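Here, each number is a calculation from the coordinates, and none is a lab measurement. The structure displayed is predicted, hence computed values, not measured ones. Reconstructed Cβ throughout: ideal geometry from the backbone, glycine too, with neighbour counts over all protein chains shown.
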Amino acid sequence: MPKRKRKLQNTPASDAVGEDEILLRATAPLQLCYYGNPALRKRAKPLAEITEAERQLADQMLETLYNTGNGIGLAATQVGILKRLIIIHIGEDDDETCEPLVLFNPEILSVEGEVVAEEGCLSIPNVTAEVRRPEKVVVDGMDIRGEPIHIEADGLLARVLQHEIDHLNGVLFIDRISGLKRQLLKDDLLWIQQAERPA
Ligand code: ZN
């Protein structure tokens, strides 16, 4: 999920890599999947254990997120990897202490309240909509060391958690708006779907 009202930057393609694929380029950003890519509609699989490969993937996803210049959250399905992993970094300029959150197998245990706020998505560039969601969430998962992690969130973190966990289930924020509103975005969505994107 991107920050609001910041200009999007294109993700440069990664440098050429050897046959040992992504595991050897821990610092290279991954290619984002855009609306229309089937990976965004797939359900990601839970991880039985967190190995070095998963930790490297998390690092690469953080790199990918930072590379967007405006992202605050990313799910593995958005880089075409069907593992239940999300990363979130809501660090504002005045909030340097905010650490990135890496969450494996995130699961929403309970929700409370309801709030409407504007959302966007790195996979659906330049499209935003008001989305109604629960205001508070309780989420369990595993951190980068494989240790259990328990989060009680409200505000922006609650929203980003829900948005990213939706991604792991093949759900996009535009699925959570009315058909009428989605109709208004039709041309923008079609453009993204048809635009030429690097493979
Ligand atoms: Zn998104």
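Figures for the structure shown
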quantity: In nm, spacing of pseudo-spin labels at ASP187 and VAL115 (7 Å Cα→C-beta vector); calculated: 3.3 nm
quantity: Per-residue Cβ neighbour rank within 10 angstrom, fewest leading, THR77, THR64, THR51, THR128; calculated: THR51, THR128, THR64, THR77
quantity: Square roots of 5 times each gyration tensor eigenvalue, C-alpha, segment 15-194, largest first, Å; calculated: 25, 21, 15
quantity: Order of ILE192, ILE124 - criterion: other Cβ atoms within 10 Å of each residue's Cβ, fewest first; calculated: ILE192, ILE124
quantity: Neighbour-count ranking [beta-carbon atoms within 10 angstrom, fewest first] of LYS181, LYS186; calculated: LYS186, LYS181
quantity: Shape category assigned to segment 106-199 from the gyration tensor of Cα positions, a/c cut at 1.5; calculated: oblate
quantity: Summed residue charge, Cβ within 12 Å of PRO106's Cβ, Lys/Arg positive, Asp/Glu negative; calculated: -3
quantity: Additional length obtainable on full extension of the chain from ASP154 to ALA195, 0.36 nm per residue less Cα span; calculated: 11.2 nm
quantity: Using θ = phi - 60° and Karplus 6.51 cos²θ - 1.76 cosθ + 1.60, couplings along segment 55-68 (whole Hz; Gly, Pro as x); calculated: 5, 5, 4, 4, 4, 5, 5, 4, 4, 5, 4, 5, 5, 5
